[in-house]
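The values are calculated or read from the model by the stated rules, or taken from the named source; none is laboratory data. Nothing here was measured: the structure is a model prediction, and the numbers come from that model. Cβ placement follows ideal geometry from the backbone for every residue including glycine, while neighbour counts extend to all protein chains displayed. What goes into the accessible areas is simple: the full protein's heavy atoms, side chains included, and nothing from ligands, DNA or RNA. Shrake-Rupley method; radii C 1.70, N 1.55, O 1.52, S 1.80 Å.
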Amino acid sequence: AVVSTQSTGILTLPEFDGDEFLSLLKQLVKLDAEWVPYSQAASLYIRPTFISTDPVIGVKHPTKARLFVITGPVGPYYEQKGTELFQSVKLMADPQYVRAWEGGIGAYKAGGNYAPTINIQKEALKRGCQQVLWLYGEDRQMTEAGTMNFFVYWVNKDGEKELITAPLESGLILPGVTRQSVLDMTREWDDLKVTERMVTMSEFIEAANSNRIIEVFGCGTACMVAPIDSILFEGQDINVPTMTSGAHLSKRLFESLTAIQTGKVSHPWSVSIYS
(Lines give C-alpha, C1' and ligand atoms only; values in the text may rest on other atoms or scores of the structure.)
Protein backbone atom coordinates (compact mmCIF):
# COMPACT_ATOMS: atom_id res chain seq x y z
CA ALA A 1 0.00 0.00 0.00
CA VAL A 2 2.89 2.36 0.78
CA VAL A 3 4.49 1.87 -2.65
CA SER A 4 1.09 2.26 -4.33
CA THR A 5 0.28 5.52 -2.54
CA GLN A 6 3.70 6.92 -3.46
CA SER A 7 3.05 6.13 -7.11
CA THR A 8 -0.48 7.56 -7.24
CA GLY A 9 0.81 11.07 -6.59
CA ILE A 10 3.11 11.17 -9.62
CA LEU A 11 0.27 9.83 -11.79
CA THR A 12 -2.24 12.34 -10.28
CA LEU A 13 -4.53 9.51 -9.20
CA PRO A 14 -6.51 10.17 -6.01
CA GLU A 15 -5.17 9.13 -2.63
CA PHE A 16 -6.79 6.23 -0.79
CA ASP A 17 -6.91 4.94 2.76
CA GLY A 18 -4.11 2.37 3.09
CA ASP A 19 -5.56 0.80 6.23
CA GLU A 20 -8.97 0.34 4.65
CA PHE A 21 -7.33 -1.11 1.55
CA LEU A 22 -5.46 -3.65 3.69
CA SER A 23 -8.67 -4.59 5.47
CA LEU A 24 -10.43 -5.28 2.16
CA LEU A 25 -7.39 -7.13 0.83
CA LYS A 26 -7.52 -9.54 3.80
CA GLN A 27 -11.10 -10.43 2.88
CA LEU A 28 -10.08 -11.08 -0.72
CA VAL A 29 -7.18 -13.34 0.31
CA LYS A 30 -9.53 -15.35 2.53
CA LEU A 31 -11.80 -15.93 -0.47
CA ASP A 32 -8.97 -16.88 -2.84
CA ALA A 33 -6.72 -18.84 -0.44
CA GLU A 34 -7.96 -22.28 -1.50
CA TRP A 35 -7.12 -21.43 -5.10
CA VAL A 36 -3.43 -22.00 -4.31
CA PRO A 37 -1.93 -25.52 -4.35
CA TYR A 38 -0.53 -26.73 -1.02
CA SER A 39 3.10 -26.51 -2.12
CA GLN A 40 6.20 -24.52 -1.23
CA ALA A 41 6.54 -23.80 -4.94
CA ALA A 42 3.13 -22.09 -5.15
CA SER A 43 1.73 -18.86 -3.76
CA LEU A 44 -1.06 -16.34 -4.28
CA TYR A 45 0.17 -13.41 -6.33
CA ILE A 46 -1.55 -10.14 -5.43
CA ARG A 47 -1.52 -7.25 -7.91
CA PRO A 48 -3.21 -3.98 -6.89
CA THR A 49 -4.25 -1.99 -9.98
CA PHE A 50 -5.32 1.65 -10.14
CA ILE A 51 -6.69 3.15 -13.36
CA SER A 52 -8.50 6.26 -14.54
CA THR A 53 -12.15 5.67 -15.45
CA ASP A 54 -12.96 9.07 -16.92
CA PRO A 55 -15.44 8.54 -19.82
CA VAL A 56 -13.22 10.48 -22.24
CA ILE A 57 -10.10 9.92 -24.32
CA GLY A 58 -7.48 12.55 -23.64
CA VAL A 59 -4.26 13.44 -21.84
CA LYS A 60 -5.21 15.06 -18.54
CA HIS A 61 -5.35 14.31 -14.83
CA PRO A 62 -8.20 11.91 -13.97
CA THR A 63 -11.31 12.97 -12.08
CA LYS A 64 -12.53 9.38 -11.64
CA ALA A 65 -10.53 6.26 -10.88
CA ARG A 66 -10.94 2.62 -9.88
CA LEU A 67 -8.72 0.69 -7.48
CA PHE A 68 -8.99 -3.08 -7.74
CA VAL A 69 -6.88 -6.16 -7.04
CA ILE A 70 -6.05 -9.07 -9.32
CA THR A 71 -4.97 -12.34 -7.69
CA GLY A 72 -3.91 -15.69 -9.06
CA PRO A 73 -1.98 -18.82 -8.10
CA VAL A 74 1.63 -18.74 -9.30
CA GLY A 75 4.63 -21.04 -9.25
CA PRO A 76 8.36 -20.16 -9.49
CA TYR A 77 8.98 -16.85 -11.27
CA TYR A 78 11.65 -18.23 -13.58
CA GLU A 79 11.47 -21.47 -15.56
CA GLN A 80 12.90 -24.23 -13.40
CA LYS A 81 15.30 -27.03 -14.29
CA GLY A 82 14.49 -29.92 -11.98
CA THR A 83 12.74 -29.65 -8.62
CA GLU A 84 15.17 -27.37 -6.76
CA LEU A 85 13.36 -24.11 -5.87
CA PHE A 86 16.51 -22.02 -5.47
CA GLN A 87 17.98 -21.75 -8.98
CA SER A 88 20.26 -19.15 -10.54
CA VAL A 89 19.66 -16.90 -13.55
CA LYS A 90 21.83 -15.25 -16.18
CA LEU A 91 21.59 -11.55 -17.08
CA MET A 92 22.18 -9.64 -20.30
CA ALA A 93 23.85 -6.25 -19.76
CA ASP A 94 23.68 -4.08 -22.88
CA PRO A 95 24.18 -0.30 -22.46
CA GLN A 96 22.07 0.48 -25.54
CA TYR A 97 18.97 -0.39 -23.49
CA VAL A 98 17.89 1.95 -20.68
CA ARG A 99 15.01 1.27 -18.29
CA ALA A 100 14.92 4.54 -16.35
CA TRP A 101 16.64 7.91 -16.26
CA GLU A 102 17.07 10.80 -13.84
CA GLY A 103 13.97 12.97 -13.71
CA GLY A 104 11.80 10.14 -15.06
CA ILE A 105 9.33 7.82 -13.36
CA GLY A 106 11.62 4.80 -12.85
CA ALA A 107 11.02 4.94 -9.10
CA TYR A 108 7.24 4.51 -9.42
CA LYS A 109 4.89 1.58 -9.99
CA ALA A 110 3.51 2.52 -13.39
CA GLY A 111 2.66 0.37 -16.38
CA GLY A 112 4.88 2.56 -18.53
CA ASN A 113 7.89 1.27 -16.60
CA TYR A 114 7.22 -2.33 -17.58
CA ALA A 115 5.62 -2.59 -21.04
CA PRO A 116 8.63 -1.18 -22.98
CA THR A 117 10.97 -3.71 -21.33
CA ILE A 118 9.20 -6.84 -22.58
CA ASN A 119 10.72 -6.73 -26.06
CA ILE A 120 14.18 -6.25 -24.57
CA GLN A 121 13.67 -9.27 -22.34
CA LYS A 122 12.85 -11.26 -25.48
CA GLU A 123 16.25 -10.17 -26.82
CA ALA A 124 17.85 -11.39 -23.59
CA LEU A 125 16.18 -14.78 -24.03
CA LYS A 126 17.55 -15.02 -27.57
CA ARG A 127 21.04 -14.51 -26.13
CA GLY A 128 20.57 -17.28 -23.60
CA CYS A 129 19.74 -15.03 -20.62
CA GLN A 130 16.70 -14.98 -18.35
CA GLN A 131 16.67 -11.26 -17.63
CA VAL A 132 18.20 -7.86 -18.37
CA LEU A 133 20.70 -6.05 -16.17
CA TRP A 134 19.79 -2.41 -16.69
CA LEU A 135 22.79 -0.08 -17.02
CA TYR A 136 22.70 3.71 -16.83
CA GLY A 137 25.02 6.54 -17.77
CA GLU A 138 28.39 6.79 -19.46
CA ASP A 139 29.97 4.91 -16.54
CA ARG A 140 27.42 2.09 -16.93
CA GLN A 141 25.98 2.00 -13.45
CA MET A 142 24.33 -1.31 -12.51
CA THR A 143 20.80 -0.35 -11.51
CA GLU A 144 18.17 -3.13 -11.61
CA ALA A 145 17.82 -6.67 -12.96
CA GLY A 146 14.62 -7.09 -14.94
CA THR A 147 11.90 -6.08 -12.47
CA MET A 148 14.15 -6.90 -9.50
CA ASN A 149 16.33 -4.77 -7.28
CA PHE A 150 19.99 -5.74 -7.76
CA PHE A 151 22.50 -6.65 -5.04
CA VAL A 152 26.25 -7.35 -5.10
CA TYR A 153 27.96 -9.11 -2.20
CA TRP A 154 31.74 -8.80 -2.41
CA VAL A 155 34.97 -8.20 -0.56
CA ASN A 156 35.68 -4.50 -1.01
CA LYS A 157 39.13 -2.98 -1.47
CA ASP A 158 39.44 -2.53 2.30
CA GLY A 159 39.04 -6.27 2.76
CA GLU A 160 35.50 -6.00 4.21
CA LYS A 161 32.60 -8.22 3.25
CA GLU A 162 30.06 -5.75 1.87
CA LEU A 163 26.52 -5.95 0.46
CA ILE A 164 25.75 -3.17 -2.02
CA THR A 165 22.61 -2.04 -3.80
CA ALA A 166 21.81 1.10 -5.77
CA PRO A 167 20.51 4.09 -3.75
CA LEU A 168 17.05 5.58 -4.16
CA GLU A 169 18.10 9.24 -4.36
CA SER A 170 18.74 9.18 -8.12
CA GLY A 171 15.10 8.33 -8.89
CA LEU A 172 16.24 5.41 -11.07
CA ILE A 173 15.36 2.68 -8.59
CA LEU A 174 11.98 1.35 -7.54
CA PRO A 175 11.84 1.32 -3.72
CA GLY A 176 10.79 -2.32 -3.52
CA VAL A 177 9.43 -3.77 -0.28
CA THR A 178 11.66 -6.84 -0.65
CA ARG A 179 14.67 -4.56 -1.25
CA GLN A 180 14.00 -2.75 2.03
CA SER A 181 13.41 -6.06 3.80
CA VAL A 182 16.83 -7.34 2.64
CA LEU A 183 18.52 -4.13 3.81
CA ASP A 184 16.78 -4.17 7.19
CA MET A 185 17.45 -7.86 7.74
CA THR A 186 21.15 -7.78 6.86
CA ARG A 187 21.73 -4.66 8.95
CA GLU A 188 20.04 -6.37 11.88
CA TRP A 189 22.27 -9.44 11.46
CA ASP A 190 25.28 -7.09 11.67
CA ASP A 191 27.83 -9.55 10.24
CA LEU A 192 28.65 -7.63 7.05
CA LYS A 193 28.83 -4.05 5.84
CA VAL A 194 25.66 -2.86 4.06
CA THR A 195 25.93 0.05 1.62
CA GLU A 196 23.58 1.87 -0.73
CA ARG A 197 25.60 3.22 -3.65
CA MET A 198 26.03 2.70 -7.37
CA VAL A 199 28.42 0.06 -8.68
CA THR A 200 29.70 0.48 -12.24
CA MET A 201 30.42 -2.30 -14.71
CA SER A 202 34.13 -1.44 -14.66
CA GLU A 203 34.21 -1.76 -10.86
CA PHE A 204 32.34 -5.04 -11.04
CA ILE A 205 34.62 -6.50 -13.73
CA GLU A 206 37.71 -5.48 -11.76
CA ALA A 207 36.30 -7.17 -8.65
CA ALA A 208 35.39 -10.29 -10.65
CA ASN A 209 38.89 -10.48 -12.12
CA SER A 210 40.32 -10.12 -8.61
CA ASN A 211 38.06 -12.92 -7.29
CA ARG A 212 36.40 -10.49 -4.86
CA ILE A 213 32.79 -11.19 -5.92
CA ILE A 214 31.06 -13.57 -3.50
CA GLU A 215 27.42 -13.49 -4.63
CA VAL A 216 25.08 -11.49 -6.83
CA PHE A 217 21.29 -11.67 -6.58
CA GLY A 218 18.08 -9.89 -7.45
CA CYS A 219 15.06 -9.55 -5.21
CA GLY A 220 11.41 -8.72 -5.69
CA THR A 221 7.86 -9.62 -4.77
CA ALA A 222 7.46 -12.43 -7.28
CA CYS A 223 10.89 -14.07 -7.20
CA MET A 224 11.77 -13.23 -3.55
CA VAL A 225 15.54 -13.79 -3.94
CA ALA A 226 17.01 -14.89 -7.29
CA PRO A 227 20.72 -15.81 -7.34
CA ILE A 228 22.68 -14.66 -10.41
CA ASP A 229 25.52 -16.80 -11.75
CA SER A 230 26.51 -15.01 -14.98
CA ILE A 231 26.31 -11.63 -16.72
CA LEU A 232 26.63 -11.35 -20.51
CA PHE A 233 28.39 -8.05 -21.28
CA GLU A 234 29.92 -6.98 -24.61
CA GLY A 235 29.86 -10.53 -25.91
CA GLN A 236 31.63 -12.02 -22.89
CA ASP A 237 30.22 -14.02 -19.99
CA ILE A 238 31.24 -12.68 -16.59
CA ASN A 239 30.97 -15.72 -14.36
CA VAL A 240 29.69 -15.01 -10.87
CA PRO A 241 30.48 -17.58 -8.14
CA THR A 242 27.11 -17.22 -6.39
CA MET A 243 26.20 -20.90 -6.60
CA THR A 244 29.71 -22.37 -6.58
CA SER A 245 30.48 -20.46 -3.36
CA GLY A 246 27.37 -21.95 -1.76
CA ALA A 247 25.05 -18.92 -2.11
CA HIS A 248 25.06 -18.70 1.67
CA LEU A 249 23.76 -15.12 1.94
CA SER A 250 21.18 -15.52 -0.85
CA LYS A 251 19.86 -18.74 0.67
CA ARG A 252 19.78 -17.28 4.16
CA LEU A 253 17.74 -14.33 2.91
CA PHE A 254 15.44 -16.54 0.82
CA GLU A 255 14.79 -18.91 3.72
CA SER A 256 14.35 -16.10 6.27
CA LEU A 257 11.92 -14.12 4.10
CA THR A 258 9.98 -17.24 3.12
CA ALA A 259 9.67 -18.26 6.77
CA ILE A 260 8.13 -14.86 7.55
CA GLN A 261 5.80 -15.02 4.54
CA THR A 262 4.53 -18.49 5.38
CA GLY A 263 4.15 -17.78 9.09
CA LYS A 264 6.76 -20.31 10.19
CA VAL A 265 8.28 -17.57 12.32
CA SER A 266 6.50 -14.71 14.03
CA HIS A 267 7.59 -11.31 12.75
CA PRO A 268 6.23 -7.73 12.73
CA TRP A 269 6.25 -7.80 8.90
CA SER A 270 3.68 -10.61 8.86
CA VAL A 271 0.03 -9.58 8.53
CA SER A 272 -2.56 -12.16 9.53
CA ILE A 273 -5.67 -12.19 7.35
CA TYR A 274 -7.64 -13.18 10.45
CA SER A 275 -6.61 -10.21 12.61
Please find the FRET efficiency linking Val69 to Thr244, where r is the Cβ-Cβ separation and R0 is fixed at 41 Å, and quote it to the nearest 0.05.
0.50
Under-5 Å amide H pairs with Val194, H placed in peptide plane, nonlocal only
Leu163
Restricting to the stretch 116-197, what percent of DSSP beta bridges are antiparallel, rounded to 5?
75 percent
Give the aspartates and glutamates reachable from Lys90 as a straight Cα distance under 16 Å; neighbours fewer than 8 places away on the same chain don't count.
Glu79, Glu123, Glu144, Glu215, Asp229, Glu234, Asp237
Suppose only helical runs count, i.e. DSSP H with n ≥ 4. What mean residue ellipticity at 222 nm does that imply for the chain under -39500 (n - 2.57) per run, divided by all residues and rounded to the nearest 500 deg cm²/dmol?
-7500 deg cm²/dmol
Run through the DSSP bridge list for the stretch 23-133 and note the antiparallel percent, rounded to the nearest 5.
75 percent
Report, to the nearest 10°, how far helix 18-32 tilts away from the longest principal axis of the Cα atoms in the chain, using its own Cα long axis and a range of 0 to 90°.
90 degrees
Cut-off under 21 Å on the C-alpha distance; same-chain residues fewer than 8 positions from Lys157 excluded. Which lysines are left, in chain and number order?
Lys193
Efficiency of FRET from Cβ geometry, Ser210 and Asp54, R₀ 45 Å, rounded to 0.05:
0.20
DSSP beta bridges in the chain, what fraction antiparallel, as a percent rounded to 5?
75 percent
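Which is the longest stretch in the chain that no exposed loop site breaks, taking sites as trypsin sites (Lys or Arg not before Pro) with a DSSP loop state and at most 13 other Cβ atoms within 10 Å?
By the stated rule (loop sites, at most 13 other Cβ atoms within 10 Å), 198-263.
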Quick one: accessible surface of His61, probe radius 1.4 Å, all protein chains present, in square angstrom to the nearest 10.
110 Å²
Compute the signed sum of charges (Lys and Arg +1, Asp and Glu -1) over the other residues within less than 15 Å, Cβ to Cβ, of Glu162.
-2
GluC sites (Glu not before Pro) restricted to DSSP loop in the stretch 1-73 with at most 14 other C-beta within 10 Å:
Glu15
In nm², what is the average projected area of the convex hull enclosing the Cα atoms of the stretch 51-150?
9.3 nm²
Using a 7 Å offset from the Cα along the Cα-to-Cβ direction at both Leu28 and His61, what is the distance between the two label points in nm, to one decimal?
2.6 nm
Might you work out the accessible area of Asp191 for me, using a 1.4 Å probe with all protein chains in place, and round it to the nearest 10 Å²?
90 Å²
